[in-house]
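The values are calculated or read from the model by the stated rules, or taken from the named source; none is laboratory data. Since the structure is predicted, the reported quantities are computational estimates derived from the model, not experimental observations. As a convention, Cβ positions derive from the backbone with ideal geometry for all residues, glycine included, and neighbour counts pool all protein chains shown. SASA here: full protein model, heavy atoms, side chains in, ligands and nucleic acids out. Shrake-Rupley method; radii C 1.70, N 1.55, O 1.52, S 1.80 Å.
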Amino acid sequence: MTSLLVSDSIQTIQKSLDLVIQKGRGLSDNVLRWNPSDEEWSIMQILCHLAEAVPYWLDEIELLLEIPGKDWGRGLQQEARLEAVKKEKVDSTALSTVLSELEYLKTKVEQTLSKLDDEKLALEAPSRNPRFGTKPISFIVDHLLVEHTMKHLGQIERNLSKINS
């Protein structure tokens, strides 16, 4: 049976994805692709990153359920992560495509996380990222899905407030 924590996490991630989609929909190309600074991503880069990162972490959870104790994770320099936000790739990606991917992820989040109960959430495994060490699956859900999605929603909101000021 799915725990209350998992049900809340599913709803929070889905709501964050809904808000990300709403904020991205209808924006002009100039607004979508505007970079606030050299260190910050454009809204389109954030959307593309989420479309890559959320399924990555869901797949990592699936692998941990299949092979308990398997190492998981990645560093900031992981190739697929970097590729998802490259200017050339982002510039060639249609907004409708990335929004469709994000829409589908709401279902994938529910399908994957619904497999978790309190016992599975407590399963621990070592991270490939030494910063994290050994963590339970609940860490991936809380930190790398819930908080991560909310953080990027906040980035989109900051970008919009900067462009509107």
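Computed over the chain, the per-residue total of -39500 (n - 2.57) for DSSP H runs of n ≥ 4 gives a 222 nm mean residue ellipticity of -19000 deg cm²/dmol, rounded to 500.
The residues of segment 1-136 present an accessible area of 53 Å² per residue when probed at 1.4 Å with all protein chains retained.
Label sites at R128 and I163, each approximated as a point 7 angstrom past Cα along Cα to Cβ, lie 3.3 nm apart.
Scanning residues 5 or more positions from K135 or on other chains, those with amide H under 5 Å from its amide H are A125, S127, with H placed 1.01 Å from N in the peptide plane. By the equivalent-ellipsoid construction on the alpha carbon gyration tensor, the chain comes out with semi-axes of 29, 17, 13 Å, ordered largest to smallest. Which of L27, L102, L116 moves the most in a Gaussian network model of the chain with Cα springs under 10 Å? Result for the chain, Cα springs under 10 Å: L27 fluctuates most.
May I ask you to derive the relative contact order of segment 1-142, considering only C-alpha pairs under 8 Å and at least 6 residues apart, and to give it as an integer percent? With pairs under 8 Å counted, the relative contact order is 34 percent. Computed in the context of the full set of protein chains, the accessible area of the chain at 1.4 Å probe radius has 51% of its extent on carbon or sulfur. Result for the chain in a Gaussian network model with C-alpha springs under 10 Å: among A94, A53, A125, the largest mean-square fluctuation is at A94.
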